[in-house]
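Since the structure comes first, as structure tokens, the remarks are kept for the end.
The values are calculated or read from the model by the stated rules, or taken from the named source; none is laboratory data. If you're wondering where the values come from, they're calculated on a predicted model, not measured in any experiment. Methodologically, a virtual Cβ is constructed for each residue, glycine included, from the backbone with ideal geometry; neighbour enumeration extends over all protein chains shown. Side chains included, ligands, DNA and RNA excluded: accessible areas come from the protein's heavy atoms. Shrake-Rupley method; radii C 1.70, N 1.55, O 1.52, S 1.80 Å.
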Amino acid sequence: MALVDRLRKQFRELYHQEPMIIAAPGRVNLIGEHTDYNEGFVLPGAVDKRMYVAIAANDSNKICIYANHYNESFSFSPKETVQPHKGWMNYLLGVTYHIKDKGKEIGGANVLIDGDVPVGAGMSSSAALCSAYGFAINELFGFGLSRMDLALIGQKTEHTFVGVKVGIMDQFASLHGKEGHLMKLDCRSLEYEYIPFHFPDYKVVLVNSMVSHSLAGSEYNVRRQQCEEGVALLKKHDPSIHSLRDVGLETLQAYRHEFKPVVYDRCWYVVTEKDRLLAGCEALAKGDLASFGRMMIATHNGLSKQYGVSCTQLDFLAERAGYIDGVIGSRMMGGGFGGCTINIVQANAVESFTAKIQLAFEQLFKVAPDVIVTQIEDGAKKL
Ligand code: GLA
């Protein structure tokens, strides 16, 4: 039975009600990594892996939740002060808190959660959960919040209830995705455009390093601080600089001697990635996937060497992919320290790519990596 049908059936059994079902996807990001919180551009697309929230109002004052992933339930009263608790619950508590903070009165509801976005794989399962739950509460109580409001609520939740100072990319992508399109998002103005991604002879393939990026939060915050440190230094020379978005390579190089080497490397990566994204969009518009693939490799090298967010398994996967026929480009994707590589692979070579990369990885790391062939799909919606 399909996941959605199972969810509906389980909801009826659990709560004796008919649910509304909301689906919100995970995302891939083609290029533009760690640029979002530096106010640069990103190029994500929503994928065909989703978190589902089944929901119905109840006549108590409680939100009662059951999460299949964790076989755990919990309930809380949205009328009272909502505070962080633990684990996955914080995503729901945080979204509740920030919706209330917009002056909305949330009533009681029964909720059931499931999904097929792999957790800890860098496909933004947590952003998808926040998006699905926020979307569901917004629909159920008719609050009229926009998709961008919900994306910002998801981001604030990560900041305040989870403690990771993420950018806006993941939440934005989960809520704004469009079938067959990438989104070029300006993370400063939050303006975006849909870019057709129509390459029927190619597939976007993820290979999971099987390293769950659980420690990523604190290192992620450190990267963010290092970028801020670079900005503070450059701002002394040019007060018009507010973020690395405002910094060109020449300016950065001119003040290199004032930087701690590690901070310089971090900033160097972001400044080069920012420009690479723009060049990458041009290459895609011309249908020049070969150039785009080379840029993916450059992004990986920067993330690994200068930005320091890769790991042995991801480096192996990205490098090994380069030796396999039909692979146009490969790099680590997302925050890093584990999760997936993203690969552009000729459609007729996906099968042999899968077999080869799995075998090579398993020989070395004694575990077969999951391979996920993705489709670019719509963002959050009511089913
Ligand atoms: C994580 C964050 C995003 C973004 C990426 C790196 O996925 O949630 O905001 O910073 O890492 O590009």
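Here are a few things to note about the model shown:
- Positions within segment 358-383 being in a helix (DSSP H, G or I) and farther than 11 Å from S209 by Cα, in sequence order: L359, A360, Q363, L364
- Test: residue in segment 221-229 that is away from the ligand (no atom under 12 Å from the Cβ), modelled with pLDDT of 95 or more and not assigned by TED's automatic domain parsing to the domain that holds A360: no
- Every listed requirement among (1) outside the structural domain of L277 (by TED's automatic domain parsing); (2) outside any helix (DSSP H, G or I) is met by E158 save one, (2).
- Taking the criterion of being acidic (D, E) and either outside the structural domain of A127 (by TED's automatic domain parsing) or within 14 Å of the ligand (Cβ to nearest atom) (or both), the only residue of segment 161-188 that qualifies is D170.
- Those residues of segment 80-97 which are in a helix (DSSP H, G or I) and in contact (Cβ under 8 Å) with a residue 60 or more places away in the chain, in sequence order: N90, Y91, L93, G94, V95, Y97
- Check on R50, charged (D, E, K, R), away from the ligand (no atom under 16 Å from the Cβ) and part of a helix (DSSP H, G or I): no
- Qualifying residue in segment 354-366 (condition: closer than 26 Å to K178 by Cβ and at pLDDT 95 or above): no
- Given (1) under 21 Å from the mean Cα position of the chain (by Cα); (2) open to solvent by less than 10 Å² (accessible area, probe 1.4 Å); (3) more than 11 Å from V205 (Cβ to Cβ), number of the condition I342 does not satisfy: (3)
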